[in-house]
Amino acid sequence: MMFGDTAYLESLYNNRAAIPNFQDYVDRWTKNSSGICKSLKDQCECDVPYGDDLLETMDVYTPSGPPSAMLMFVHGGYWRSLDKSQHAFVARPFVDRGIAVAVINYS
């Protein structure tokens, strides 16, 4: 197996092939993320653009008071799959502790 071998390089980035039940994780993330914006009400601003590409947007979640910090969360997906909407669940515990969170999409 050579470092330049395309199949080998692909295997390094293809977590779906390495994790037999990967879809269970994606389903759980999607379920846990589904109501976050509604539950945070006025503390969520969705699809804030940060670049020229249509996919370059972020959802920003803010605590009720002034934030003590900002977490920028970039989801995985190997530039091929997944979306920020499936990862909104990461915001809640941080926002509850006074930290703003931006969950980012990318092209």
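The values are calculated or read from the model by the stated rules, or taken from the named source; none is laboratory data. Just so it is clear, the structure is predicted and the values come from calculations on it, not from any experiment. All Cβ positions, glycine included, derive from the backbone under ideal geometry; neighbour counts span all protein chains shown. Ligands, DNA and RNA are stripped out before the accessible areas are found, and what is left, the full protein with its side chains, is counted by its heavy atoms. Shrake-Rupley method; radii C 1.70, N 1.55, O 1.52, S 1.80 Å.
At R0 = 25 Å, how high is the FRET efficiency between Tyr13 and Ala69 if r is their beta carbon distance? Nearest 0.05 is fine.
Efficiency at R0 = 25 Å is approximately 0.25.
Per Stokes-Einstein, at 20 °C and 1.002 mPa s, what whole-number D in µm² s⁻¹ belongs to the stretch 1-51, with the Kirkwood radius over Cα pairs as the hydrodynamic radius?
Answer, rounded: 148 µm²/s.
Students often forget the sequence filter, so: which aspartates and glutamates lie under 18 Å Cα-Cα from Lys31 once same-chain residues fewer than 8 apart are removed?
Candidates past the 8-residue exclusion: Asp59, Asp83.
Under 8 Å for C-alpha pairs, at least 6 residues apart: give me the relative contact order for the stretch 7-107, rounded to a whole percent.
Relative contact order, the stretch 7-107: 31 percent.
At a 4.7 angstrom Cβ threshold, list every cysteine in the chain that has nobody to pair with, or say none.
Flagged as lacking a Cys partner: Cys46.
Quick check: at a probe of 1.4 Å, how many percent of the accessible area of the chain sits on carbon and sulfur atoms?
Carbon plus sulfur share of accessible area: 57 percent.
Give me the accessible area per residue for the stretch 34-107, probe 1.4 Å, as a whole number in Å².
Accessible surface, normalised per residue, equals 60 Å².
Can you run phi through the Karplus equation (6.51, -1.76, 1.60; θ = phi - 60°) for the stretch 8-13 and list ³J(HN,Hα) in whole Hz, with x for Gly and Pro?
Values per residue, Gly and Pro as x: 5, 4, 4, 5, 6, 9 Hz.
Could you state the angle between the C-alpha long axis of helix 22-33 and the longest principal axis of the C-alpha atoms of the chain, as a value from 0 to 90 degrees rounded to the nearest 10?
10
Stokes-Einstein diffusion coefficient for the chain at 20 °C in a medium of 1.002 mPa s, Rh from the Kirkwood formula over Cα pairs: what value in µm²/s?
Rounded, D is 140 µm²/s.
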